[in-house]
1. Could you tell me which of the residues Ser94, Ser33, Ser16, Ser4 is surrounded by 15 or more Cβ atoms within 10 Å (Cβ to Cβ), farther than 30 Å from Asp141 by Cα and either of a type in the set (Gly, Ala, Ser) or modelled with pLDDT of 80 or more (or both)?
2. Restricting to segment 116-165, name every residue that is over 11 Å from the mean Cα position of the chain (by Cα) and among the basic types (Lys, Arg).
3. Using beta carbons and a limit of 7 Å, which pairs, at least six apart or on different chains, have the first residue in segment 13-24 and part of a loop (DSSP other than H, G, I, E, B) and the second one basic (Lys, Arg) and surrounded by 12 or more Cβ atoms within 10 Å (Cβ to Cβ)?
4. Of all residues in segment 97-127, count the ones that are of a type in the set (Lys, Arg) and within 19 Å of Gly142 (Cα to Cα).
5. Within segment 102-120, does at least one residue satisfy the condition of being modelled with pLDDT under 95, surrounded by fewer than 16 Cβ atoms within 10 Å (Cβ to Cβ), closer than 25 Å to Lys34 by Cβ and among the charged types (D, E, K, R)?
6. Looking only at segment 121-165, which residues are polar (S, T, N, Q) and either surrounded by 14 or more Cβ atoms within 10 Å (Cβ to Cβ) or not in a strand (DSSP E or B) (or both)?
7. Does Lys108 satisfy being free of Cβ contacts under 8 Å to residues at least 60 places away in the same chain, outside any strand (DSSP E or B), closer than 18 Å to Gly89 by Cβ and of a type in the set (D, E, K, R)?
Amino acid sequence: MNISEIKDLLAQFDASTLREFSYKNNGEELSLSKNQTSSVVGAPVAPTVEVVAPAPQAPAAPAVAPAPAVETASASAEDVVAPASAAEGDVVESPLVGVAYLSSAPDKPAFISVGDTVKKGQTLLIVEAMKVMNEVPAPKDGVITEILVTNEEVVDYGKGLVRIK
């Protein structure tokens, strides 16, 4: 692969919605990533080139981060009296990294709210990962004591989503 082909491929990758791309051919290897960590691009005999995540990635993270911080601050101020009741129950954790949605569509009601009684297997919320909507079911019968995420919040694997008592 010559440098012109690599530049063309980089431009196409940058314009695409792909997050990662790998190419191997006759001992040449090319790996591209738009994730926040850097990737190494190169061939075994050629020097490596470092590709840094594009600028559009940086604004996306801060745009999401301040909203939960503001809501967390206001929630903690309101919950000064009620943390004991809110902390009761088992935490349902996110099974994967993605975006949490509390309803099936923006104009639809939320799947659950605090105080709702749920049955084992009932959908609590949806976590979208790579354009796939993954339903998060209730692991047991119980009552929702706390919803730990906001709508369209980016969640990591293992992050607490809701509490069920």
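The values are calculated or read from the model by the stated rules, or taken from the named source; none is laboratory data. Predicted model only: the values in this text are computed from it and were never measured. When we count neighbours, we look across all protein chains shown, and the Cβ atoms used for this are built from the backbone with ideal geometry, even at glycine.
1. Ser33
2. Answer for segment 116-165, where residues must be over 11 Å from the mean Cα position of the chain (by Cα) and among the basic types (Lys, Arg): Lys119, Lys120, Lys131, Lys140, Arg163, Lys165.
3. Qualifying pairs under 7 Å: Arg19/Lys34.
4. Here the count works out to 2.
5. No - not one qualifying residue is present in segment 102-120.
6. Once the filter is applied, which keeps residues that are polar (S, T, N, Q) and either surrounded by 14 or more Cβ atoms within 10 Å (Cβ to Cβ) or not in a strand (DSSP E or B) (or both), segment 121-165 yields Gln122, Asn134, Thr145, Thr150, Asn151.
7. Against the criterion (free of Cβ contacts under 8 Å to residues at least 60 places away in the same chain, outside any strand (DSSP E or B), closer than 18 Å to Gly89 by Cβ and of a type in the set (D, E, K, R)), Lys108 does not qualify.
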